[in-house]
Amino acid sequence: MIGENPAIMNSVRKICIFTGTRAEYGLLKPLMDEIVRDESFHLQLLASGMHLSSEFGLTYKLIEEDGFFIDEKVEMLLSSDTPAGISKSMGLGLMGYADALNRLSPDVAVILGDRFECMAFACTCLNARTPVAHIHGGETTIGAVDEAFRHAITKMSHLHFTSTEEYRKRVIQLGEHPARVFNVGAIGIENIKNMALLSKKELEKDIGFDLGDRYVLVTFHPVTLESGTAEEQFKNLLFALDKSAEASGAPSKIIFTKANADTDGRIINQLIDSYVAQHPDKAIAFTSMGQCRYLSAMKNASAVVGNSSSGIVEAPSFQVPTVNIGDRQKGRVRDRSVIDCGPASTEIEEALQKAFSSDFARSLKDMVSQYEKPGTAMAVLKSIKNADLGNIIKKTFYDL
């Protein structure tokens, strides 16, 4: 197994990678590969959250299939997506992560993003005096509780790796020393550049589904700072997809990827299952596609639709239009391939028509994503290697 090495020399720096979701793991994999290749590091891997849930596909198995050894599996996810259930899951995480960190005793931990699992792990690292390297800090998602979690994780972290210069400035604005904040680009784009992705025909064969002349990739998550809007907004999306297909005379096939373990996420997943059951020739759904299939689906799609960060960060690298619905991603840096719209069905339908237009497609041909920088994973690892982790615990707030 990659990363399994019982005889670790004292001079080898132990890096503990935390992952709680399928998407997060896919983004972290290039960094994990770089750690394994560098003999001055030992990779430790802590898998938690949705990775260990049968409801969300037991995706820890994908990690093991990639050849990585999982040092700790911490179950913390309750079968409840209510606010109270998520808070209780965080409490279970705190207890499990405390024991895991005590056993692993890493030199530094790596956290990507902003989810509640990450928040609980960051708190545990702070109490354990374990330095944290945080990836994708400084971003804003005004419609989600992740907004507050992300900035809180920044204040509990010691090294910061942002995806744009604007985000780097925001992390410094939060009181982090500029010498510890690095604009390295979005790590997920490294997968796009390095992975051998499938053609449309290869993807169709792999998933056993005819994608027709045109298809959309749909990922929609609850807007967690809004109360009870998930069902209505997703029904509006389904209605708009059907109306758009009728209006164009060129029916679109649909690939759904299901929602995460957020408040009301199960409502969306039930609606997806019902829609696919009623339209088996038109739509297909996945709890987890895996990184290669997901990026291949994105590459060959006519549009990426929903409110996932992947439509903002990764899709522009393919010059594929994104229809971004509602406020969940409000505040993120955008490329011109992103079409923002409200959650009403008429607004979504109008945005879809723009995304499918040949004029809009032509306007994206020379576009280069603002999130793209070469060698992101190596830049992260180099900064961790050069950091004085023995003297990194923050004692002051950096004032502008």
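Please tell me if Ile35 is in the same structural domain as Asn127 (by TED's automatic domain parsing), at pLDDT 95 or above and β-branched (Val, Ile, Thr). Spelling it out, Ile35 is indeed in the same structural domain as Asn127 (by TED's automatic domain parsing), at pLDDT 95 or above and β-branched (Val, Ile, Thr). With respect to Ser54, is the statement that it is closer than 20 Å to His158 by Cβ and not hydrophobic (A, V, I, L, M, F, W, C) true? No: the conditions fail for Ser54. Hey, any hits in the stretch 236-247 for a residue that's farther than 30 Å from Thr263 by Cβ and surrounded by fewer than 17 Cβ atoms within 10 Å (Cβ to Cβ)? Yes: one or more hits. Within the stretch 338-381, the residues that satisfy the criterion of being of a type in the set (S, T, N, Q), more than 23 Å from Val132 (Cα to Cα) and either crowded, with 17+ Cβ neighbours inside 10 Å or touching a residue at least 40 places away in the same chain (Cβ under 8 Å) (or both) are Ser345, Thr346, Gln353, Ser369, Gln370.
Within the stretch 249-281, the residues that satisfy the criterion of being over 20 Å from Val304 (Cα atoms) and of a type in the set (Gly, Ala, Ser) are Ala261, Ser274, Ala277.
Filtered by the rule that a residue be within 25 Å of Pro83 (Cα to Cα) and either surrounded by fewer than 23 Cβ atoms within 10 Å (Cβ to Cβ) or touching a Gly at 6+ places or on another chain (Cβ under 9 Å) (or both), the stretch 120-133 gives Ala120, Phe121, Cys123, Thr124, Leu126, Asn127. For Glu314, all conditions in the list (1) more than 17 Å from the chain's Cα centre (by Cα); (2) in contact (Cβ under 8 Å) with a residue 12 or more places away in the chain hold save one; what is the number of the exception? It fails just one condition, (1). Here is the figure for the stretch 159-181: residues that are surrounded by 21 or more Cβ atoms within 10 Å (Cβ to Cβ) and either acidic (Asp, Glu) or within 23 Å of Cys16 (Cα to Cα) (or both) total 8.
Counting only helices (runs of 4 or more DSSP H) wholly contained in the stretch 51-148, the ones carrying 2 or more residues that are closer than 30 Å to Asn391 by Cβ and not assigned by TED's automatic domain parsing to the domain that holds Lys258 occupy 83-104, 116-128.
With the requirement that a residue be surrounded by fewer than 19 Cβ atoms within 10 Å (Cβ to Cβ) and either among the small types (Gly, Ala, Ser) or more than 30 Å from Glu231 (Cβ to Cβ) (or both), what does the stretch 321-332 give you? Residue satisfying the conditions is Gly331 alone.
One residue alone among Ile393, Ile384 is touching a residue at least 24 places away in the same chain (Cβ under 8 Å), assigned to a helix (DSSP H, G or I) and either surrounded by fewer than 20 Cβ atoms within 10 Å (Cβ to Cβ) or under 24 Å from the mean Cα position of the chain (by Cα) (or both), and that residue is Ile384.
The values are calculated or read from the model by the stated rules, or taken from the named source; none is laboratory data. What you see is a predicted model; the values in this text were computed from it and never measured. Note that we place each Cβ from the backbone using ideal geometry, even for glycine, and neighbour counts take in every protein chain shown.
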